[in-house]
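The block underneath contains the structure these notes are about, expressed in structure tokens.
The values are calculated or read from the model by the stated rules, or taken from the named source; none is laboratory data. Just so we're clear, the structure is a prediction, and the values are computed from it rather than from any experiment. With ideal geometry, Cβ positions are generated from the backbone for all residues, glycine too; neighbour counts draw on all protein chains shown.
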Amino acid sequence: MIAKKNIFKILLLFLLLHLIIWTLVPSITNKNLPLDTIEALAWGSNLDWGFNKHPPLSAFAVELFYKIFGNQDWAYYFLSQIFVVFSFFIIFKLASELFKNDLFAFLSILLLESIYFYNFTSPEFNVNISQLPFWALSVYFTWRCINHDKISDYIFLGIFIALGILSKYLFLYLLIGISLFFLYLAYKGKKISFSKLFLSGLVTLIVIFPHLIWLYKNDFISLTYGLNRAGGGKDLFDHISFPVIFIGKQLGILIPFMFMAFFLIKKFKFEIKFQNKNIIFLVFTFLVPILSIILTSVIMGAKIRTMWMTPFYLLVGISIIEIYKKRLNLNLKKFFFVFFVFFFFSPAMYLIVSISNDFKRTDYEGKEIARLVQNKWDDYFSNDIKIVVGDEWYAGNLSYHLSSRPKWIIDLKNKTSDVGTDEGVIYTGNPKVLKKICPGIYGTIKPVGYCMIGRR
């Protein structure tokens, strides 16, 4: 048994090691940042209250780091891990209050290390990662609202729900779970302060209001993107096959988790008492969001992407500990051995995959291409590059790597003739199209063409 006074110290050490390892490994193995991170940085170069694909919070986060660290790749792996470990810490705080036992809380966090969303795929800072701390905080303050009933807790709940929505619209599935939880408590005759809940909702609305205005002004473009991305079933078979495939993938993701749990639980005997307030809370905040997204797939025939589930499993460790807390094997030698295997196996595999595979987006020569483009620009023009036009990957890489930090714009409607030479613009896109429409200096960045318009 670990002494209670040491648990918190060990937790902090674990979080620090996770932060260091998963910042260091991708930093030394990847030549370029992953696609989603470059995409967020492209948005960040031209901040707005929303973008063509997603709400704005991930862009605000990376741009803040850009202002501090510039185009240092390690900083964005570091940013991603800050979001992960802070989420773990909040889940630990929640678990400590649920269990009244720091060891159980600690074990529930260690179990999360077996979920590959929180290690192998975590270096790619994107909208899935950006949800994590706000998902954890929203669940935590939901618990505090029903157990402490302080007005400050309701205000914080409203803020963190809003920030979660501003991270990704999929956060609404957690909101469904939280809302149904409060309705359930009211149905059961529990004293619920609806005035405080109204305040929480009002705070949420105030925080997301600028984004709602942006959505309206931009024809709800990011909502449309999300719906199109999920798709809709073309026939009845899609309404069956897509949910089944999705469930199968999730079970596969949970195999390492169940393997680790096997060394922690004496006997897997499924006994749940729904009178237990912890169980009820976890049903609504953990199980309901998962069931809701599966139901969406069934009703709409939507294809749910695996990575979309990143925040949904934050409570899986707490849930398994709560169900089996009377059957835990607290002789932890075997469990810790398995934990350390997972803890070091994942970065080792990431290292091997990064080194052995030369056809990943993270092998893109973004820095070198930006240098060549800058040299070409300097040969012809005297002003700085202020704007890059094109998709988030090719144009976004230029925006990130060029020292002038030009603004990224996805499209100027091909009105190249309306652009003044003082603006300093680089267009990227189809080489044949650019050659016909762009009156500037033409070249290629295989397989993409570029056209430069600047001041001589």
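Residues of region 28-47 that are assigned to a loop (DSSP other than H, G, I, E, B) and either surrounded by fewer than 20 Cβ atoms within 10 Å (Cβ to Cβ) or out of contact with any Asp or Glu (no Cβ under 8 Å at 6 or more places or on another chain) (or both): 31, 46, 47.
Quick one: would you say residue 315 is assigned to a helix (DSSP H, G or I) and either surrounded by fewer than 21 Cβ atoms within 10 Å (Cβ to Cβ) or in the same structural domain as residue 111 (by TED's automatic domain parsing) (or both)? So residue 315 passes the test. Taking the numbered list (1) in contact (Cβ under 8 Å) with a residue 40 or more places away in the chain; (2) among the aliphatic types (A, V, I, L, M); (3) crowded, with 23+ Cβ neighbours inside 10 Å in turn, residue 59 passes all entries but (1).
Every condition in (1) more than 30 Å from residue 412 (Cβ to Cβ); (2) not in a helix (DSSP H, G or I) holds for residue 25 except the one numbered (2).
Exactly one residue out of 296, 310, 285 is β-branched (Val, Ile, Thr), part of a helix (DSSP H, G or I) and touching a Gly at 6+ places or on another chain (Cβ under 7 Å): that is 285. Selection of region 92-145 for residues being aliphatic (A, V, I, L, M), over 13 Å from the mean Cα position of the chain (by Cα) and farther than 18 Å from residue 11 by Cβ yields only 139.
Listed conditions (1) in a loop (DSSP other than H, G, I, E, B); (2) over 29 Å from residue 32 (Cβ atoms) are all met by residue 303, apart from (2). Going by the conditions given, is residue 346 under 27 Å from residue 94 (Cβ atoms), in a helix (DSSP H, G or I) and of a type in the set (Ser, Thr, Tyr)? Answer is yes for this residue.
Table: residues versus (1) in contact with a helix residue (DSSP H, G or I) (Cβ under 9 Å, 6 or more places away or on another chain); (2) closer than 23 Å to residue 50 by Cβ.
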residue	(1), (2)
202	yes, yes
217	no, yes
229	no, yes
234	no, no
248	no, no
263	yes, no
282	yes, no
294	yes, no
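Among all residues of region 90-99, there is at least one that is basic (Lys, Arg) and under 16 Å from residue 278 (Cα atoms). Scanning region 228-271 for residues that are among the hydrophobic types (A, V, I, L, M, F, W, C), in a helix (DSSP H, G or I), under 22 Å from the mean Cα position of the chain (by Cα) and surrounded by 14 or more Cβ atoms within 10 Å (Cβ to Cβ) returns 230, 246, 247, 253, 257. The condition (being more than 30 Å from residue 22 (Cα to Cα), polar (S, T, N, Q) and at pLDDT 95 or above) is satisfied by just one residue among 152, 167, 193, 130: 152. Only one entry of 334, 326 meets the criterion of being among the charged types (D, E, K, R), over 30 Å from residue 24 (Cα atoms) and in a helix (DSSP H, G or I), and that entry is 326.
Screening residue 200 against (1) among the polar types (S, T, N, Q); (2) under 20 Å from residue 286 (Cβ atoms); (3) at pLDDT 95 or above leaves a single unmet condition, (2).
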